[in-house]
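Following: one structure in structure tokens, then a few remarks.
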Amino acid sequence: MSPAISCSVRIGAKQKNAAKAGAYGDAWVFIALDADSKLIPSFVVGKRDTYHAKAFMSDLASRVKNWVQISSDALKAYEDAVECGFGSDVGYGRIVKTFSLTPLDSSALPAAVRYSPAEVVKTEKTIVSGMPDINRICTSHVEKQNHTLRMHCRRLTRLTNTLSKKFENFEAAVALNFAYYNFCKTHKTIRMSPAQAAGIESSA
């Protein structure tokens, strides 16, 4: 199981103007994805803080019944959140990726380079708790899911003026996206919906 946080979205106003405008500001989407079935059993929309990380892990723990291995990035809030949600009955590993530097003045770079993600130059895996298989500590699948979410949910499209005016509307849009992804969309890798692969549904 790989939890991650997608990039932020503005709700009502930019974060620096949120208080003045009475808006929510930046929101983040916490996503858990099963690498085998591609199912997304849990997600939480909220701030990038300990409170929402714990709410996310508690919700995830309530939706799985077997022992799980969790992989995450270096967000510090995950460490306490995993313990809060799963206790000691979990294998938790962290992977930290080091990216190549981007020049401060990138305006002269071609657009294909300027808007592409930086190259990964180093990865470091760490066992945080339990006995996870270190070879399966990976966040690549859920990082790809962040891209899929952006492609399917217009409110998260990059480099546009799209935004949600209300937190509840954005949360509903994300929920509809994941319902479609889990139960309707045929995943190319497994040639069925994630819900079918996980044994939750017998047909799409």
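Summary of values
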item	result
Cα→Cβ-extended label distance, 7 Å offset, between Asp80 and Arg154, nm	4.0
Net charge over other residues, Cβ less than 10 angstrom from the Cβ of Ala198 (K, R count +1; D, E count -1)	-2
Residue-level accessible surface for Trp67, protein heavy atoms, 1.4 Å, Å²	130
Segment Ile200-Arg63, extension gain: residue separation times 0.36 nm, minus the distance between their alpha carbons	48.1 nm
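The values are calculated or read from the model by the stated rules, or taken from the named source; none is laboratory data. All values derive from a computational prediction rather than experimental measurement. No Cβ is skipped: glycine too gets one built from the backbone with ideal geometry, and neighbour counts run over all protein chains shown. The protein model used for the area step is the full one, side chains on, heavy atoms only, and it has no ligands, DNA or RNA in it. Shrake-Rupley method; radii C 1.70, N 1.55, O 1.52, S 1.80 Å.
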